[in-house]
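Notes to accompany the following structure.
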Amino acid sequence: MFPMVIPQDTDDHEESKNLNFLWRIDETSFNFRVLNEQFIGLDAQGDGTSIVAVSETAGASQVFEIVRNDADQNRVRIKAPNGNFLQARTEDSVTADYVGDGGWGDDDPSFFLIKLVKDMGGEYQVTNGYGPDRAPQVMRDHWSTFITEEDFNFISANGLNAVRIPVGWWIANKSAKVSVLRYVTRKRPLAALLREPLIFPTDIVPNLTTLHLLGPDRTVGSDTMLNFSVLRYVTRKRPLAALLREPLIFPVPILKHGLGIIIDLHAAKGSQNGDSHSSSRDGSIEWGRDDNSIQETVAVIDFLSARYASSPALLAMELLNEPWAQTVSLDSLSKYYKLGYDAVRRHTSTAYVVMSNRLFITDQKELFSLASGLQGTVIDVHYYNLYGDEFNDMTAQQNIDFIYNDRSAQLNDITTSNSPLTFVGEWVAEWNVKGATMEEYQRFAKSQLDVYGRASFGWAYWTPRMWRTNGVWNG
């Protein structure tokens, strides 16, 4: 038996030696990536059985099959590309030369015990996990039920005036540029289109998995999902021929209620913060390391701006969500923000350009020198009483006092008459207080509404349509 840790974040030195990031290919096939971001594979220069980690890309020699024990799914054998199983020769040596089934006992060198340290749960993992056959229907079922026309009625009735929609970089890949007309005629019959649920196909329009609400009287928010198909909307409301020469527009429910749209690039290729919502495959952060990743992301902003600039609903373009300060340098981010701003301005002079502060910085004004010289810019800050040791033992009243004192001072510091507009782009009425009463929750929410309502661009709430994982808030 040999331990294998999958995939990340451990302070144990012994576990760190065996740390592997698991990249799923299909139900049984995987790549393994180690801490230096190289893939484990067969040594092509040796005897063909030695296991090495020297490649920064995964090919055929880096594909392994995991065979699980039916009685204990954490007990596995790993079949190498040469058809043999891996076996542990020593604590520091693994070879791919074990043939046959020796049993699942602890003395079997071909049996590995997997310990899952962190499970990524983003859209990439969901769609990759279900695979190409099942994932489309799983996502359609989610999209077609997550929001209805009733939600837009609720949004409008409560005085909210805009929604913040996070999208991923893959919206601008080649398949996204295929016309809706070609998509319909090649992949789905037109007749069937009118009978199917109203959805957004991911390869045509943004993956609108969540909708974050912004309101003038800042009373309430909701996390929602559009379920109005651009395809069906087009075929019923606009001539198909016009589709090839006109940009896609936002669906009727948004326009009907006069809601503005903030398009938020939530996931950049390579991930800007390592979280699942930024499309990281294994917790790594690879965005912004070179000019190529910056240029690729600018191209996404250019694509989105060109597509939606003519829509009267477009309020703002947010260039990036929550870049991680420890990994993303201020120089790289500033360079990208300037290029992204220019990309937006090539298509619209009226949409605001939102620039998210880096996570866990001490100077909230670090983007001011850049943003102050550009017209129509907004600085986005996110305030949560959830992340950080300081919040772990706070009482309900201490959390409320923190909002009125500390958060208020932080927001006042960046909201001045000569500063860029300020936007509390994410906050939530959730905390680490155990057994809080409804009245305490309401007072906590009110304290944030009172304070964040002073932001010069407003706020967006993340997000009352949520779920709990093991009793913990998960937005």
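The values are calculated or read from the model by the stated rules, or taken from the named source; none is laboratory data. The structure displayed is predicted, hence computed values, not measured ones. Every residue, glycine among them, receives a Cβ derived from its backbone with ideal geometry; neighbour counts consider all protein chains shown. Remember, those area values only see protein heavy atoms, side chains included, never the ligands or the DNA or RNA. Shrake-Rupley method; radii C 1.70, N 1.55, O 1.52, S 1.80 Å.
Some observations on this one:
- Counting only protein heavy atoms and using a 1.4 Å probe, the accessible area of SER349 comes to about 90 Å².
- With the simple spin-label model, which puts each label point 7 Å out from Cα in the Cβ direction, the THR395 to ASN158 separation comes to 3.0 nm.
- Phi-based couplings in Hz for segment 133-138 (Karplus 6.51, -1.76, 1.60; Gly and Pro marked x): 7, 9, 4, x, 6, 4
- Rounded to the nearest whole Hz, the Karplus-based 3J(HN,Hα) values (6.51 cos²θ - 1.76 cosθ + 1.60, θ = phi - 60°) of segment 308-315 follow the sequence 10, 4, 7, 7, x, 7, 5, 9, with x at glycine and proline.
- Cα-based shape type of segment 305-411, given that a ≥ b ≥ c are square roots of the gyration tensor eigenvalues and the cut on a/c is 1.5: prolate
- Anisotropy class of segment 325-475 from Cα gyration tensor, a/c 1.5 cut: prolate
- Extension gain for the segment VAL138 to ALA436, taken as residue separation times 0.36 nm less the Cα-Cα distance, is 103.8 nm to one decimal.
- For the peptides 265-271, 319-325, the ranking by packing is 265-271, 319-325, with the highest mean count of neighbouring Cβ atoms within 10 Å listed first.
- Residue-wise HN-Hα couplings along segment 445-457, as the Karplus relation 6.51 cos²θ - 1.76 cosθ + 1.60 with θ = phi - 60° gives them from phi, are 4, 4, 4, 6, 4, 4, 7, 6, x, 8, 5, 6, 9 Hz; Gly and Pro carry x.
- Full-stretch length increase - ASP413, ASN69 - with 0.36 nm per residue and alpha-carbon distance subtracted: 118.1 nm
- Three-way shape call for segment 75-134 based on the alpha-carbon gyration tensor, with the a/c threshold at 1.5: prolate
- Amide H contacts under 5 Å for TYR352: ALA316, MET317, restricted to partners 5 or more places along the chain or on a different chain, H placed in the peptide plane at 1.01 Å from N.
- Amide H to amide H distances under 5 Å link GLY260 with ALA162, VAL163, where only residues 5 or more positions off or on other chains count and H is placed in the peptide plane.
- Rounded FRET efficiency, nearest 0.05, which uses the C-beta distance separating ASP291 from VAL99 and R0 of 51 Å: 0.60
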